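The values are calculated or read from the model by the stated rules, or taken from the named source; none is laboratory data. No experiment lies behind these values; they were computed from the predicted model shown. Quick reminder, even Gly has a Cβ in these numbers, built from the backbone with ideal geometry, and neighbours come from all protein chains shown. The accessibility values were calculated without ligands, DNA or RNA, using every heavy atom of the protein model including side chains. Shrake-Rupley method; radii C 1.70, N 1.55, O 1.52, S 1.80 Å.
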Amino acid sequence: MTLKKLLLLTCVCLTLAACGGVDPNSPLGMRQAAFKEMLKVSEDLGGMLRGRIPYDESAFISGAGELERLSHEPWQHFPEVADDERSKANAEVWQRQEQFQKMARDLEQATAALVQATTAPPLRRSELEPAVQAVEDSCEACHKAFRAY
């Protein structure tokens, strides 16, 4: 195969692969982006408490506030009916909206409680650990109920 044909074939393959991506402005793309950002912030907070990354009190306080802000974002991008077959949400999310919305509020409350635990520096690990765990538990409960792995 000539170099010219190989380059053309490579370009065609890359173009076709790009067609399968999620539109970042679609509801699916927007909620995926929100969840990814929440995961990054949450992992940083947990990492500080578990010694994976250096603990920085001001970064922890800032991260808790950011996580609380982000906890309100993804829900607005869930339509009442399935919108994209590439979604990682299972059909239950559209069939059990009341339960899904309750779990969304539970996460929002858990992140608000985490922020509350950061309002009186110096922060105490004994107060932060259960608050971070409550956020993680809330995420896990919703994933178990509504995410198609």
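Put simply, of Arg52, Arg69, Arg31 the only residue that is part of a loop (DSSP other than H, G, I, E, B) and of a type in the set (D, E, K, R) is Arg52. Filtering segment 106-147 to residues that are surrounded by 14 or more Cβ atoms within 10 Å (Cβ to Cβ) and basic (Lys, Arg) leaves only Arg147.
So, in segment 40-64, of the ones that are free of Cβ contacts under 8 Å to residues at least 60 places away in the same chain and within 12 Å of the chain's Cα centre (by Cα), which residue ends up least open to solvent (accessible area, probe 1.4 Å)? Among them, the one singled out is Val41.
Cβ-Cβ contacts under 6 Å between residues 6 or more apart (or on different chains), taken from a first residue in segment 21-36 that is over 15 Å from Cys139 (Cβ atoms) to a second residue that is modelled with pLDDT under 90 and surrounded by fewer than 18 Cβ atoms within 10 Å (Cβ to Cβ), are listed as Pro27/His77; Pro27/Pro79; Pro27/Asp83; Leu28/Val22; Leu28/Asp84; Gly29/Val22; Met30/His77. Check whether at least one residue in segment 74-94 is at pLDDT 95 or above, open to solvent by 70 Å² or more (accessible area, probe 1.4 Å), under 25 Å from Ala113 (Cβ atoms) and under 19 Å from the mean Cα position of the chain (by Cα), and report yes or no. No, segment 74-94 contains no residue that is at pLDDT 95 or above, open to solvent by 70 Å² or more (accessible area, probe 1.4 Å), under 25 Å from Ala113 (Cβ atoms) and under 19 Å from the mean Cα position of the chain (by Cα).
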